[in-house]
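Down below is the structure, laid out as structure tokens.
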Amino acid sequence: MSERVRVGAEAELPEGSQTEVRVDGVGVVVVRYEGTFYALRNNCTHKDYPLLGGEVSLGRLTCEKHGAKFELATGKAKTLPAVKPVRIYKTVVEEGEVYVLPL
Ligand code: FES
């Protein structure tokens with residue numbers, strides 16, 4: 001069983017923030033979008049470029065390398081050149097702290 005990983009205090013992770021944590025040795029990007037925390041593997045499924053820092057709009061995170069967009073809630077690739085979904089993780093907010101754990 002994997003332990004959950006603390007991302008930080010909810011109050012210190014404002015709307016639009018992006019934070020990278022490691023879950024079982026894998027980089028995961030945590031995005032706050034419209035008040036909800038989403039967590040996706042920090043590797044584009046096109047050419048493995050990090051997703052951290054990509055633009056977020058309409059519930060999608062854009063890979064800065066070639067512009068593929070991934071749906072935050074499902075990890076699905078919504079635009080080319082990516083076709084495979086990116087792995088998503090579960091987020092939990094408990095007593096003002098945000099955590100990530102494998103789904
Ligand atoms: S590496 Fe992300 S779109 Fe190509």
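The values are calculated or read from the model by the stated rules, or taken from the named source; none is laboratory data. As the structure is a prediction and not an experimental result, all values here were calculated from the model. Neighbour counts run over all protein chains shown; Cβ positions are idealised from the backbone, glycine included.
Restricting attention to the range 25-40 and to residues that are hydrophobic (A, V, I, L, M, F, W, C) and buried (at least 16 other Cβ atoms within 10 Å of the Cβ), the residue that is farthest from the ligand (Cβ to nearest atom) turns out to be Phe37. Of the residues making up the range 32-60, those that are part of a strand (DSSP E or B) and within 12 Å of the chain's Cα centre (by Cα) are Arg32, Tyr33, Thr36, Phe37, Tyr38, Ala39, Leu40, Arg41, Val56, Arg60.
Within the range 36-47, residues that are touching a residue at least 40 places away in the same chain (Cβ under 8 Å) and more than 16 Å from Glu20 (Cα to Cα) sit with their Cβ atoms under 7 Å from residues that are part of a loop (DSSP other than H, G, I, E, B) and within 12 Å of the ligand (Cβ to nearest atom), at 6+ positions apart or across chains, in these pairs: Thr45/Ala82; Thr45/Lys84; Thr45/Val86. Within the range 41-86, being among the acidic types (Asp, Glu), within 11 Å of the ligand (Cβ to nearest atom) and under 23 Å from Pro102 (Cβ atoms) holds for one residue alone: Asp48.
Results for (1) at pLDDT 95 or above; (2) in contact with a Phe, Trp or Tyr (Cβ under 9 Å, 6 or more places away or on another chain), shown as yes or no for each residue.
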residue: Val7; (1), (2): yes, yes
residue: Leu13; (1), (2): yes, yes
residue: Glu20; (1), (2): yes, no
residue: Gly25; (1), (2): no, no
residue: Lys69; (1), (2): yes, no
residue: Thr74; (1), (2): yes, no
residue: Leu80; (1), (2): yes, no
residue: Glu94; (1), (2): yes, no
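With the checklist (1) touching a Leu at 6+ places or on another chain (Cβ under 6 Å); (2) in a strand (DSSP E or B) in hand, flag the one item Arg6 doesn't pass. Exception for Arg6: condition (1). Within the range 2-16, residues that are over 19 Å from Tyr33 (Cα atoms) and in contact (Cβ under 8 Å) with a residue 40 or more places away in the chain have Cβ atoms under 6 Å from residues that are surrounded by 15 or more Cβ atoms within 10 Å (Cβ to Cβ) and among the aromatic types (Phe, Trp, Tyr) in these pairs: Arg4/Tyr99, counting only partners at least 6 apart in sequence or on another chain.
When Cys63 is tested against the conditions (1) touching a residue at least 24 places away in the same chain (Cβ under 8 Å); (2) buried (at least 19 other Cβ atoms within 10 Å of the Cβ), the lone failure is (1). Criterion first (in a strand (DSSP E or B) and not charged (D, E, K, R)) does Val83 satisfy it? Criteria not met by Val83.
Considering Lys78, Lys90, the condition of being touching a residue at least 24 places away in the same chain (Cβ under 8 Å) and of a type in the set (Lys, Arg) is satisfied by Lys90 alone. May I ask you to verify whether Thr74 is within 20 Å of Glu20 (Cα to Cα) and in a loop (DSSP other than H, G, I, E, B)? Taking the combined requirement at face value, the residue satisfies it.
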